[in-house]
Every structure is written in structure tokens, then in C-alpha cells.
Amino acid sequence: MEIVILAVVIAVVLVGAVSGLVIGGRRKKQLPPAERPSAAPTITTPPAEPRVGDEAETPRDESRRTIEEVDLPAAEAPEAPPAEAEPAPAAPEVEVPEPTEGRLVRLRARLARSQNALGKGLLTLLSREHLDEDTWEEIEDTLLTADVGVAPTQELVERLRERVRVLGTRTPQDLRTLLREELLKLIATDAPRAVKTDSGLETPAVVMVVGVNGTGKTTTTGKLARVLVADGKSVVLGAADTFRAAAADQLQTWGERVGARTVRGPEGGDPASIAFDAVKEGIAEHADVVLIDTAGRLHTKAGLMDELGKVKRVVEKQAPLDEVLLVLDATTGQNGLVQARVFAEVVNITGIVLTKLDGTAKGGIVVAVQRELGVPVKLIGLGEGPDDLAPFDPEAFVDALIGD
């Protein structure tokens with residue numbers, strides 16, 4: 001039995017093997033003969049991406065240039081729109097300054113309102129029934145407080161004592177007349193008070209304005225130009241204060257208001273050179289007056305002396321120097337006298353201009369500065385307005401001090 005089963009298994013295996021051989025032979029007959037591969041295979045380049053404007057086709061082989069090799073057309077500059085003509089700057093309107101006579105009346109009234117404390121105080125003390133030593137000491141203190149100065153105060157008190165003793169009975173009008181006469185004697189001077197603006201030569205009169213920066217020196221120079229123009233004078237301004245920023249612009253503005261030409265130079269330039277050019281221009285234009293504004297650096301006394309001395313020498317090479325006006329701030333009191341001494345050592349001062357003689361200023365500074373320098377006060381400024389500068393009138397000043 002086992003032999004039979006073994007024989008059957010062997011027969012089945014043989015039948016399966018023969019069937020596989022038959023099927024494999026049939027498949028080999030149906031396949032095409034194999035081709036011999038070529039030695040080097042051909043590689044086809046993939047088509048390039050189409051460029052803008054190209055057709056969707058295989059690109060042709062052609063030489064290509066880099067961006068550096070391509071000549072680009074020159075860019076055409078856009079046509080600029082036609083420039084509009086800029087309007088010419090309008091010429092500054094020339095003002096007509098107020099005549100000297102009119103401003104004197106107005107300034108006298110202003111001075112009377114602001115400066116009569118001194119006169120009224122003295123009249124009140126002198127009107128006492130008994131003038132004892134205490135009263136005379138009060139009178140002396142009142143004068144010293146008003147910046148009259150020690151020597152002028154002692155001189156005035158002694159004269160008042162003598163005249164009151166001789167006068168005897170004292171009515172208010174008698175006291176006012178007495179005080180007016182004594183104050184006029186104290187302020188009086190033999191030197192002329194008018195600013196010299198007529199040279200008497202073919203060259204213009206030359207006026208140099210000096211003073212510490214901050215006293216209103218440049219403003220005073222501009223206001224003086226207005227006074228001269230109001231009196232019918234032609235003026236040339238010299239901006240020789242190159243130390244202070246914008247001083248030349250300030251002076252030029254003053255000049256343009258009244259039609260006066262301003263000669264200026266670069267900031268920090270040589271003041272003597274500018275002063276020289278100003279006088280030269282004044283001669284060429286046949287001007288009546290040349291006003292020269294200078295710097296005032298009191299903290300460098302040696303440099304100030306050298307600079308002002310040089311300006312004076314250079315100016316005098318073309319024309320004589322007719323006036324040297326010292327500008328003092330009346331509100332500084334005794335400090336103004338210190339400034340006056342320094343400038344008197346530098347140049348030969350011929351006149352004094354007292355500015356800001358309104359408000360807190362003491363009227364006695366007029367007496368003190370004249371005694372200190374031996375030169376007269378020629379001009380006074382009583383405000384910030386352009387025409388608030390006038391010739392000094394002793395009688396009007398005293399009348400304003402003591403009131404009506």
C-alpha cells in the first residue's frame with residue numbers, strides 16, 4: 001500500500017515538471033529577438049522654458065549674450081516742467097521819521113511822568129518849616145539815591161543851604177525856582193550838545209558809536225540814523241560790530257526803514273576793514289553822515305582798546321572822525337560810570353547817549369556821567385519806539401524832574 005502511494009506522488013511530480021517545461025518553451029518562441037545595445041547611449045537635452053514672446057516650440061540653437069554685453073538705450077531725461085518765474089522780493093517800505101521838534105514835545109511829557117520823583121522829593125523836604133541837620137541829610141540822601149554822585153551832591157546841598165538862608169521866607173514857587181536854577185547849574189556845560197553832522201569838508205561827517213554790548217548801542221545807531229534822516233541828512237551805516245551775532249542784520253533793518261545804505265562784512269570779520277569800506281562808500285555816494293556801529297567787549301579790555309584804536313586809525317586815513325558817542329544804559333547807575341572810564345581810556349569820547357532813561361532810571365546819572373567824563377550828554381532815549389531818541393535839552397530835563 002505504501003508502495004502504491006509513493007508511486008502516485010512520483011507520477012504527479014513528473015507530470016507537473018513536464019507541463020512547466022512545455023509552457024516555458026512556448027513563451028520563448030513568441031518574444032522578438034533581443035537587440036544588441038549601442039556602445040554609447042544618446043542623451044537628449046530637455047526643451048528649454050519658453051521666453052516671453054516665444055512660441056511654444058523647441059528653441060533653436062543660437063548664441064546668447066550676457067547682460068553686460070547688451071547695449072541698452074540711453075535713458076532719456078524727463079522734460080522738466082517750465083520753471084515759474086519767482087516774484088521779485090518787494091522793496092522795503094521807506095518810512096518818514098518824525099521831525100525832531102515833534103518828538104521833543106512828546107518825550108518831555110514822558111520824562112515828566114517817569115522822572116519827577118527826585119524833584120518832588122527835594123521840593124517836599126525844602127518846604128519844611130524848619131530845615132535842621134536831619135532834613136539836610138535827607139536831602140543829601142535823596143540826591144545820592146538818584147545817582148547824582150557824591151561830589152555833585154555835596155556841592156548842590158551847600159549852595160541850597162546858602163540860598164535858603166538868604167532867601168528867608170520860602171513860598172512853593174520860590175523853592176521851585178531856586179531848585180531849578182541850581183540843578184541847571186549842575187547840569188550845565190560849556191561844550192556844545194548838538195551832534196556834529198557837518199564836517200565842513202568834501203567828505204561826510206563820521207560818527208563812531210561805542211559802548212558795552214547790551215546797552216542798546218546798535219539800536220541807538222539805527223535811531224540816530226532816523227533822527228538825521230528826519231533832519232534832511234543822507235546817511236550810510238557801517239556794521240562794524242562783527243562780534244555779536246545778528247548785529248549787522250539788526251542795523252541793516254534799521255537802515256532799510258529810512259532808506260539808508262548799510263555796509264557790512266562777514267560775521268567775525270575785521271571791524272576796521274568794514275569801517276574803512278563804510279567811509280569809502282559814504283565818500284563815493286556823497287553822503288552827509290557815516291555812522292559806524294562798533295563792538296563792546298568790556299571783559300577783554302586790552303582787546304577792546306586795540307580794536308577801537310585800530311578802527312579810529314583806519315577811518316582817519318580817509319576822513320576825520322567828527323564824533324565818538326558813548327552809549328550808556330541809564331538804569332545801571334554807578335556801573336555805567338565804570339564803563340565810561342574804560343571807554344574814555346580807549347578813545348576820545350565827545351558825547352554821551354543815555355538810553356532807557358524811563359521807568360527805573362535815576363535822573364541824577366546825567367549829572368554824574370558829565371562830571372566823570374567832562375563831556376556833555378547829547379542824546380537821550382526814553383523808550384523802545386523807533387523815534388524815542390531825542391537831543392538832550394537841559395531845561396526840559398530839569399523841568400521834568402521838578403514837575404510843574
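The values are calculated or read from the model by the stated rules, or taken from the named source; none is laboratory data. Being a predicted model, the structure only gives us computed values, none of them experimental. Here the Cβ is made from the backbone with ideal geometry for all residues, glycine too, and neighbour counts use every protein chain on show. Please note that ligands, DNA and RNA were not included when accessible areas were found on the heavy atoms of the full protein model with its side chains. Shrake-Rupley method; radii C 1.70, N 1.55, O 1.52, S 1.80 Å.
Computed quantities for the displayed model
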| item | result |
| --- | --- |
| In segment 366-392, residue nearest to Thr350 (Cα to Cα) [restricted to those that are part of a loop (DSSP other than H, G, I, E, B) and aliphatic (A, V, I, L, M)] | Val375 |
| Any hit, segment 69-87, residues being modelled with pLDDT of 60 or more, β-branched (Val, Ile, Thr) and either farther than 30 Å from Lys223 by Cβ or in contact with a Leu (Cβ under 6 Å, 6 or more places away or on another chain) (or both) | no |
| Single unsatisfied condition, Thr221 versus (1) under 18 Å from Pro386 (Cα atoms); (2) open to solvent by 30 Å² or more (accessible area, probe 1.4 Å); (3) among the β-branched types (Val, Ile, Thr); (4) touching a residue at least 60 places away in the same chain (Cβ under 8 Å) | (2) |
| Matching option when the condition is among the small types (Gly, Ala, Ser), within 24 Å of Leu123 (Cβ to Cβ) and touching a residue at least 24 places away in the same chain (Cβ under 8 Å), among Gly351, Gly309, Gly364 | Gly364 |
| Selection status of Ala239, under 19 Å from Ala225 (Cα atoms), under 20 Å from the mean Cα position of the chain (by Cα) and assigned to a helix (DSSP H, G or I) | no |
| Residue within segment 151-173 that is under 40 Å from the mean Cα position of the chain (by Cα), of a type in the set (Val, Ile, Thr) and buried (at least 20 other Cβ atoms within 10 Å of the Cβ) present | no |
| Cross-chain or 6+ apart pairs with Cβ under 9 Å, segment 157-179 first and over 11 Å from Ser127 (Cα atoms), then surrounded by 13 or more Cβ atoms within 10 Å (Cβ to Cβ) and of a type in the set (Val, Ile, Thr) | Val157/Ile139; Leu160/Ile139; Leu178/Val164; Leu179/Val398; Leu179/Ile402 |
| Within segment 229-249, considering residues that are crowded, with 23+ Cβ neighbours inside 10 Å and aliphatic (A, V, I, L, M), the one farthest from Leu291 (Cα to Cα) | Ala248 |
| Number of the condition not met by Gln318 [criteria: (1) of a type in the set (S, T, N, Q); (2) touching a residue at least 12 places away in the same chain (Cβ under 8 Å); (3) part of a helix (DSSP H, G or I)] | (3) |
| Residue match in segment 341-356 (condition: out of contact with any strand residue (DSSP E or B) (no Cβ under 7 Å at 6 or more places or on another chain), part of a loop (DSSP other than H, G, I, E, B), closer than 18 Å to Gly216 by Cβ and β-branched (Val, Ile, Thr)) | no |
| Candidate set from segment 183-197 (those that are surrounded by 14 or more Cβ atoms within 10 Å (Cβ to Cβ) and charged (D, E, K, R)); member that is nearest to the chain's Cα centre (by Cα) | Lys196 |
| Cβ-Cβ under 6 Å pairs, at least 6 apart or on other chains, segment 263-291 side farther than 14 Å from Leu237 by Cβ, far side basic (Lys, Arg) and in a helix (DSSP H, G or I) | Ala272/Lys310 |
| Meets criteria (within 30 Å of Ser234 (Cα to Cα) and either exposed (fewer than 14 other Cβ atoms within 10 Å of the Cβ) or polar (S, T, N, Q) (or both)) for Gly200 | yes |
| Candidates Val375, Val353, Val369 - the one that is surrounded by fewer than 22 Cβ atoms within 10 Å (Cβ to Cβ), closer than 27 Å to Glu182 by Cβ and modelled with pLDDT of 85 or more | Val375 |
| Entirely in segment 115-209, the helices (runs of 4 or more DSSP H) that have 2 or more residues that are under 24 Å from Leu326 (Cα atoms) | 133-145, 150-167, 172-187 |
